[in-house]
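First comes the structure, then the notes that go with it.
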Amino acid sequence: MRSLHTLQPDIILVEGPPDANDAIDWMAQPDMEPPVALLIYAPDRLEQAVYYPFAIFSPEWQAIHYGLQQNIPVRFMDLPQTHQLAQRLAQQQAIAAAKPDSEADLPEGVAESTERADMEPEDAKPEMAIALPLSPRTLPEDPLAWLAKAAGYTDSERWWEHMVEQRQDSTELFDAILEAMTALRQEMEQTYPPDHNNPADGREAQREAYMRRTIRQAQKEGFQTIAVVCGAWHSAALCEPFPTQKQDNALLKGLPKLKVKATWIPWTYGRLSSDSGYGAGIESPGWYDHLWRSTQATHNTSQTAIRWMTQVARLLRGEDLEASSASVIEAVRLAETLAALRNSAMPGLAEMNEAAQTVFCFGDATPMQLIRQKLIVSDRLGHVPAETPLIPLQQDLQQLQKRLRMKPQAQDHLWVLDLRKDLDRERSHLLHRLLLLNIPWGAPQQVSGKGTFKEAWQLRWQPELSLAVIEAGRWGNTVVMAAVAYANQEADAAPDLPQLTQLLDRVLLAALPAAIAHLMTRLQSAAAIANDVAHLMAALPPLANILRYRDVRQTDSTVVAHVVDGLVARICIGLPGACASLDDDAAATMLEAINQTHSAIKLLQQESHAQAWSAVLLQLADRSSLHGLIAGRCCRLLLDEGSLPAEETARRLGLVLSLANEPTQAAAWVEGFLQGSGLLLLHDDAIWQVLDNWVTSLPDETFTTLLPLLRRTFANFPAPERRQIGERVRTGTQKSSIAEVEANFDRDRADAVLPLIAQLLGL
């Protein structure tokens, strides 16, 4: 900023996308709070998009603000994204055309790395007036590392911070940086000659050619003093003598074009961090934000360490960790001492971290992870003015967020909604509608307890969701309209019955009655012609869930009832045929489907359905040719429901496990019968007695033959259950009987408690 005051430029040219020149004026709005990002995207190809993040300490941000405040023209001067995105699209199409299955045959990481190269603009390093040394993805190695190594540093970032960042009173650095970059570029070109066939090298040459064209255009318009804010690596290429205009025009001739639009979106320091995978990111955006704000508040750096350690102490106290005022003073003195020993003008982040870990954390590195996440990187989320050009869907979403008091936040936030309340129910509807539109602002979480009126969501707003909202805008101008249109399209494209029922469940959760009629028509048509019993069984559980819990969300699900009736009838008719001639894998799949269908029918709590289901289970259990896994499970389900007496179950078990049957068939039957029943075997005397009577009646020779089969079945139980089963067999004891309990039962004392219990229960 001091350099701009001294220079008093007539125009400021900033390395950035000229496609967004019309969006520059929005930066002067008081509601524009960085970190924010320019989003450049192709409306017809939303997968082609690029973000340009800005932080409060970004030299581009400060330079543009200076120009707007001083009424100085400001322009972006980088190669427009209308060309860059078109080039990337052409490269992707060329790769796809080279192989028959483009995405499937791409080498691992190619698609992702190609996208990142263009999704990550350079020049994000926070220098005072010159941004970013260079981009590591276009050069074989970091040339600044050569300078750092010559100066005795092992890290180029640390060298840059000491030599540039901490010399805030010097404006002569720019000449030194220009000289250093000129020498580095010459050395780099000799060591690594440019490869014009390399798209990355060609792209950098085109970018610098366009920057020079922009400078020439400003000169032609009569601007005498031109300030250029760019990456340090580009500075040597933008100083006269330029290459000829003819040479630059040759580089820029015939560039492809793609229609693009620009808008502002909120950004986060977490996404600006290099840890997020952002190629031009920095390691500590929160730290640089602190440096900038501290310097602006005090106009000197003497209070930087004190302010930082105070924040560290406040953070640790908020996490119930010890951090006293005396520790703050001690940590500041230690950081300043370390800086002095290392010939630094002021403590850097390395000194701050070492001092904090020593004083606050007593040498333990674990609390430093918290400090890094909350302070060094930070979870700050920017804000853009409500008047920023947005598509209608974005505007509607912002209005809903404001009305429902659901402010987007960059950090994870757990919301537990009570669906009995109107406001929470509307919040739930919004989150489900966004999920339906592939905008995962919230992730559903498990809720403890058996109540169905609670719903938990883990909310976190990621900047990429803004692009997802733009992409969803093609379905409608409001969240409801877009969700309905998308649901109808998904219903038409659903290939089978289970996907239709799952979609219906999502639509009902999202409270979209306008989509239900079309979806039910599709569902009825698919159910009428479906001949795969497995599909019918997979479709039943979501519908049963809808019918059982419809009252909680106050949704009208009566339209689902007759579909469920038809599904249950067709399942009961077709299941015996579907279970014939199954191999082991198919039997295991069918077993899971039977378990899910059984749970769904129990959930429905309709006597007619339960009777029909029990009848088909009994029919399956009576078939001698049925796979043992299915037959055993059917027998067990009938026993649990009381449809099969314990004596009959014992008889069937004895017949199956007789030597007349194949050992594999017998083992499968026992496996199906005892599946997941370790605890039930311990606590259900009927099941225990059936197995105990059968085992004790076996001859020694038969028992020895069947022992491996039984052992394989019991091996699937958890170790504690197997231990309890063994202990019960060893002691030969039964569970305490009622008579034993009544021996020490005081009826008078129990009667005295009954009135209080009745009052507590509301009886």
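The values are calculated or read from the model by the stated rules, or taken from the named source; none is laboratory data. None of the values given here were measured: they were computed from a predicted structure. Here the Cβ is made from the backbone with ideal geometry for all residues, glycine too, and neighbour counts use every protein chain on show. The accessibility values were calculated without ligands, DNA or RNA, using every heavy atom of the protein model including side chains. Shrake-Rupley method; radii C 1.70, N 1.55, O 1.52, S 1.80 Å.
When Ile329 is tested against (1) open to solvent by 70 Å² or more (accessible area, probe 1.4 Å); (2) more than 11 Å from Val359 (Cβ to Cβ); (3) in a helix (DSSP H, G or I), exactly one condition is not met: (2). Within the range 469-485, being surrounded by 23 or more Cβ atoms within 10 Å (Cβ to Cβ) and free of Cβ contacts under 8 Å to residues at least 60 places away in the same chain holds for Ala483, Val484.
Within the range 228-240, residues that are more than 15 Å from Leu184 (Cβ to Cβ) and among the β-branched types (Val, Ile, Thr) reach partners that are in a helix (DSSP H, G or I) and open to solvent by less than 10 Å² (accessible area, probe 1.4 Å) with beta carbons closer than 6 Å, at six or more positions or on different chains, in the pairs Val229/Pro59; Val229/Ala63. Selection of the range 241-257 for residues being outside any helix (DSSP H, G or I), touching a residue at least 40 places away in the same chain (Cβ under 8 Å) and surrounded by 12 or more Cβ atoms within 10 Å (Cβ to Cβ) yields Leu255, Pro256. In the range 553-630, counting only helices (runs of 4 or more DSSP H) that sit wholly within it, the ones holding 2 or more residues that are touching a residue at least 24 places away in the same chain (Cβ under 8 Å), surrounded by 14 or more Cβ atoms within 10 Å (Cβ to Cβ) and within 39 Å of the chain's Cα centre (by Cα) span 558-578, 584-604.
On the basis of being touching a Ser or Thr at 6+ places or on another chain (Cβ under 8 Å) and of a type in the set (S, T, N, Q), does Gln357 make the cut? Lay out the reasoning, then the answer.
Working: touching a Ser or Thr at 6+ places or on another chain (Cβ under 8 Å): no; of a type in the set (S, T, N, Q): yes.
For Gln357, the condition - touching a Ser or Thr at 6+ places or on another chain (Cβ under 8 Å) and of a type in the set (S, T, N, Q) - is not met.
Would you confirm whether or not the range 503-511 contains a residue that is open to solvent by 20 Å² or more (accessible area, probe 1.4 Å) and touching a Ser or Thr at 6+ places or on another chain (Cβ under 8 Å)? Yes - at least one qualifying residue is present in the range 503-511. Val260 falls short on exactly one of the conditions (1) of a type in the set (Val, Ile, Thr); (2) farther than 28 Å from Asp142 by Cα; (3) out of contact with any strand residue (DSSP E or B) (no Cβ under 6 Å at 6 or more places or on another chain); (4) crowded, with 20+ Cβ neighbours inside 10 Å, and that condition is (3).
Looking at Leu423, Leu414, Leu437, just one residue is buried (at least 18 other Cβ atoms within 10 Å of the Cβ) and of a type outside the set (Asp, Glu), and that residue is Leu437. Of all residues in the range 181-202, none satisfies being basic (Lys, Arg), part of a helix (DSSP H, G or I) and open to solvent by 70 Å² or more (accessible area, probe 1.4 Å). Residues that are of a type in the set (A, V, I, L, M), under 17 Å from Phe673 (Cβ atoms) and either in contact with a Lys or Arg (Cβ under 8 Å, 6 or more places away or on another chain) or at pLDDT 75 or above (or both) within the range 708-736 comprise Ala715, Ile725, listed in sequence order. The residues of the range 391-411 that are more than 19 Å from the chain's Cα centre (by Cα) and open to solvent by less than 30 Å² (accessible area, probe 1.4 Å), listed by number, are Leu393, Gln394, Leu397, Gln401, Leu404.
Among residues of the range 7-25 that are without any contact (Cβ under 8 Å) to a residue 60 or more places away in the chain, those with a Cβ under 9 angstrom from a residue that is open to solvent by 30 Å² or more (accessible area, probe 1.4 Å) and not aliphatic (A, V, I, L, M), sequence gap 6+ or separate chain, pair up as Asn21/Arg75; Ile24/Arg75. Checked against (1) within 30 Å of Val479 (Cα to Cα); (2) out of contact with any helix residue (DSSP H, G or I) (no Cβ under 8 Å at 6 or more places or on another chain); (3) of a type in the set (A, V, I, L, M, F, W, C), Phe362 passes all but condition (1).
For the range 639-673, filtered to residues that are part of a loop (DSSP other than H, G, I, E, B) and among the polar types (S, T, N, Q), the residue that is modelled with the highest pLDDT is Ser643. Checked against (1) among the small types (Gly, Ala, Ser); (2) farther than 30 Å from Leu316 by Cβ; (3) free of Cβ contacts under 8 Å to residues at least 40 places away in the same chain, Ala339 meets all criteria but (2). A search for C-beta distances below 7 Å between a residue of the range 348-377 that is among the polar types (S, T, N, Q) and any residue that is in a helix (DSSP H, G or I), counting only pairs 6+ apart in sequence or on different chains, returns Asn353/Met368; Gln357/Met368; Thr358/Leu334.
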